[in-house]
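Taking it in order: structure first as structure tokens, then the write-up.
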Number of protein chains: 2
Amino acid sequence: MPVQAGRASEEIALQVEAAIVNGRLAPGGRLPSEREMQSQFGTGRGVIREAIKILQQKGLLEVRKGAKGGAYVRQLDVGNVSESLALFLKQHPMEPEKVIEFRESLDRTITQLAIAHAEQAEKDELLKEALRLEAMLLEDEPDLIDASELDRQLNIKLARMARNPLFEWVMHALQMGFSSHDYALYEDRTYRIKAGANWSNTARAIANGEIMRALAYNGHHYVLLRQCIDEKAAPASAPNTGFLQEDNH
Amino acid sequence: MPVQAGRASEEIALQVEAAIVNGRLAPGGRLPSEREMQSQFGTGRGVIREAIKILQQKGLLEVRKGAKGGAYVRQLDVGNVSESLALFLKQHPMEPEKVIEFRESLDRTITQLAIAHAEQAEKDELLKEALRLEAMLLEDEPDLIDASELDRQLNIKLARMARNPLFEWVMHALQMGFSSHDYALYEDRTYRIKAGANWSNTARAIANGEIMRALAYNGHHYVLLRQCIDEKAAPASAPNTGFLQEDNH
DNA sequence: CTCACGCTTTGGTCGTACCATTCTAGGCGA
DNA sequence: TCGCCTAGAATGGTACGACCAAAGCGTGAG
């Protein structure tokens with residue numbers, strides 16, 4: 001059990017991670033207390049704490065304090081992966097066109113899969129939410145924060161309807177990485193009205209199982225998006241700022 | 001600067017992360033030594049170390065010891081995202097069909113973009129490598145490790161030719177997450193020969209700018225993949241195992 | 001029977017000391 | 001003068017010990 005390699009904390013983290021991945025430590029299970037592990041591994045407590053911090057950051061552990069506290073094994077969710085990708089995207093700003101290109105490709109497949117795999121109830125639900133978004137965007141002074149949040153949820157919902165976790169994951173990550181960007185676009189009144197109408201048209205086509213029509217509306221969404229961006233880019237010539245501008249604490 | 005919130009280390013980690021993402025700390029830059037930060041933040045050294053461990057795990061920092069050592073800001077690379085995804089996939093095993101579905105969709109777009117955007121030299125290079133892979137897979141006792149590595153590189157190369165980093169990154173992440181699977185498939189002699197031939201056909205079509213032909217071969221790849229997986233899933237009992245074994249050349 | 005208090009467990013933080021590694025500068029020898 | 005080599009400084013890595021804060025649990029008073 002005891003270790004003496006270069007970085008003891010990472011070694012311990014690897015051992016515990018292996019135990020978790022191999023199922024020897026099931027989700028919900030609890031690791032020994034730090035002081036116990038300290039003596040089990042024959043190391044100082046700081047090392048144990050650092051190992052736990054590593055696994056906590058990976059999303060494998062959840063730490064609670066107090067009696068009956070300790071490190072509990074957690075079930076990973078897409079949030080961790082999305083967060084990782086989002087962080088990466090923040091460090092690698094890229095032209096909006098590239099993001100659009102990617103999302104457009106993704107969206108086409110998702111739409112088709114959703115039509116094929118999702119329950120009718122889900123499709124109706126999607127339509128209902130889309131109509132709600134459209135109504136929201138038609139108001140004189142819409143709450144843009146709420147609207148873009150709903151937009152995000154619609155995208156996630158649609159991705160989930162594709163019944164393939166990978167699409168859901170990537171869409172989730174993209175939403176996290178570029179949320180601020182989407183928000184800015186809705187400030188253009190013309191765009192938001194057209195986009196809202198287009199969302200409900202898309203959702204209606206999906207609900208009716210009209211694949212080609214859904215894809216057409218889907219494509220139209222990206223036409224609108226590109227038009228809007230081209231207009232915004234025309235006056236000022238700052239191509240790739242915008243993602244890093246948010247400076248909150 | 002000093003903090004007193006619940007988890008001091010996470011608070012500090014957030015502050016430093018914000019500084020990095022906002023560009024106040026450029027990649028290659030160096031953070032103060034632990035003992036300096038200890039006094040700057042008015043906290044114990046353990047807290048500083050844990051904060052650094054968090055950012056190190058996120059891939060934002062690289063720590064070197066000795067004189068001129070310390071925490072250096074790192075440029076994130078896809079490796080971190082891939083690692084995160086791989087871990088997630090380990091805890092959430094999903095049907096190969098879902099992965100294939102996703103990759104197939106991605107591959108179609110990548111192929112089209114690559115034909116449209118890549119230089120002719122790159123396309124020729126791709127073809128050359130594909131031919132090398134095909135020759136490799138035709139050997140009696142091919143080195144499957146090398147072959148699957150080359151396969152991975154081909155996929156990455158093609159993704160890079162699409163001139164959109166997002167495709168490259170996602171493809172990279174997928175390759176890392178499923179490397180073991182790919183390797184196993186090449187053990188099937190029939191599959192690896194057909195797949196090798198198909199790779200060079202695809203690359204040739206791309207080099208010639210024949211979009212539809214390239215997409216056809218691309219689709220064929222996934223037909224082969226699904227056949228191979230289906231056979232492995234349903235061993236010996238299938239009535240047609242016999243004639244699928246014979247080679248086609 | 002209920003509620004509050006205090007005890008126990010356990011993570012969170014601080015401080016110090018010492019070790020291991022790495023770079024640097026200055027001295028010593030050829 | 002040039003080059004190697006060693007001593008020292010800077011810095012992360014580890015250990016130990018102490019105390020604080022939160023959270024659960026049990027017991028005793030009302």
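Quick note: the coordinates plus some simple rules give every number you see, no bench work behind them. Just so we're clear, the structure is a prediction, and the values are computed from it rather than from any experiment. Ideal geometry is used to build each Cβ from the backbone, glycine not excepted, and the neighbour counts take in all protein chains shown.
Mind running the shape call on the protein assembly as shown? Use the C-alpha gyration tensor, a ≥ b ≥ c as the square roots of the eigenvalues: rounded below 1.5 for a/c, prolate if a/b tops b/c, oblate otherwise.
It is oblate, given that a/c is not under 1.5 and a/b is not larger than b/c.
Taking the beta-carbon count within 10 Å as an exposure proxy, list B:V63, B:V78 from fewest neighbours to most.
Ascending number of Cβ neighbours within 10 Å: B:V63, B:V78.
When a footprinting reagent is the concern and you count Cβ atoms within 10 Å, what order do B:K98, B:K58 take, fewest first?
Starting with the residue having the fewest Cβ neighbours, the order is B:K98, B:K58.
Taking each label point as 7 Å beyond Cα in the direction of the beta carbon, state the distances from A:L14 to the same residue in the other copies, shortest first, in nm.
3.3
Compute the label zone of A:H220 within segment A:130-147: residues whose backbone N is under 17 Å from the point 7 Å along Cα-to-Cβ.
A:130-135, A:137-138
Where the label is 7 Å out from Cα toward Cβ, how close does A:E210 come to the same position in every other copy, in nm, shortest first?
Label-point separations across copies, in nm and ascending: 3.8.
Let me spell out the model: positive unit charges on the Cβ of Lys and Arg, negative unit charges on the Cβ of Asp and Glu, origin at the Cα centre of segment A:46-180. What dipole size does that give, in debye rounded to 20?
My answer is approximately 1200 debye.
Rounded to the nearest 0.05, what FRET efficiency do A:D143 and A:Y72 give with R0 = 30 Å and r taken as the Cβ-Cβ distance? Could you check?
For R0 = 30 Å, the calculated efficiency reads 0.20.
For segment A:7-147, what percent of Cα pairs sit more than 20 Å apart?
So the pairs more than 20 Å apart make up 68 percent of the total in segment A:7-147.
Does segment A:84-237 come out rounded, prolate or oblate by the C-alpha gyration tensor, with a ≥ b ≥ c the root eigenvalues, rounded set by a/c under 1.5 and, if not, prolate when a/b is larger than b/c and oblate if not?
It comes out oblate by the Cα gyration axes.
State the answer as a single residue: which of A:G196, A:A184, A:A118 lies farthest towards the positive end of the charge dipole of segment A:79-233, with beta carbon charges of +1 for Lys and Arg and -1 for Asp and Glu, about the Cα centre.
Among A:G196, A:A184, A:A118, the one farthest towards the positive end of the dipole of segment A:79-233 is A:A118.
Let me check I have the definition right: for segment A:8-73, take the eigenvalues of the Cα gyration tensor, multiply each by 5, take square roots. What are those semi-axes in whole Å, largest first?
16, 14, 11
B:A116 to A:I156: FRET efficiency via 1/(1 + (r/R0)^6), r the Cβ-Cβ distance, R0 25 Å, to the nearest 0.05?
0.25
Got the A:D140 label distances to the other copies yet, label 7 Å along Cα→Cβ, in nm, shortest first?
8.6
Label points 7 Å out from Cα along the Cβ direction at B:Q15 and A:R35: separation in nm?
3.1
Given A:K123/B:K98; B:K58/B:K232; A:K128/B:K232; A:K194/B:K157, which pairs have Cα atoms separated by over 32 Å?
Going by Cα-Cα distance, B:K58/B:K232; A:K128/B:K232; A:K194/B:K157 fall outside the 32 Å limit.
Only four residue types carry charge here, +1 at the Cβ of Lys and Arg and -1 at the Cβ of Asp and Glu. Report the dipole size of the protein assembly as shown about the Cα centre in Debye, rounded to the nearest 20.
It works out to roughly 1620 debye.
Where does each of A:T109, A:T202 land when they are ranked from fewest to most other beta-carbon atoms within 10 angstrom?
Least to most surrounded, the residues fall as A:T109, A:T202.
Positive end of the dipole of the protein assembly as shown, charges at C-beta (+1 Lys, Arg; -1 Asp, Glu), about the Cα centre: which of A:A205, A:A67, B:L137 has its Cα farthest in that direction?
Going by the charge dipole, the pick is A:A67.
Could you check the spin-label model distance between B:K98 and A:A233? Points 7 Å from the Cα along Cα→Cβ, value in nm.
Calculated label separation equals 3.6 nm.
Determine the gain in length on full extension of the stretch B:K128-B:Y183; use 0.36 nm per residue of separation and subtract their C-alpha separation, reporting nm with one decimal.
17.6 nm
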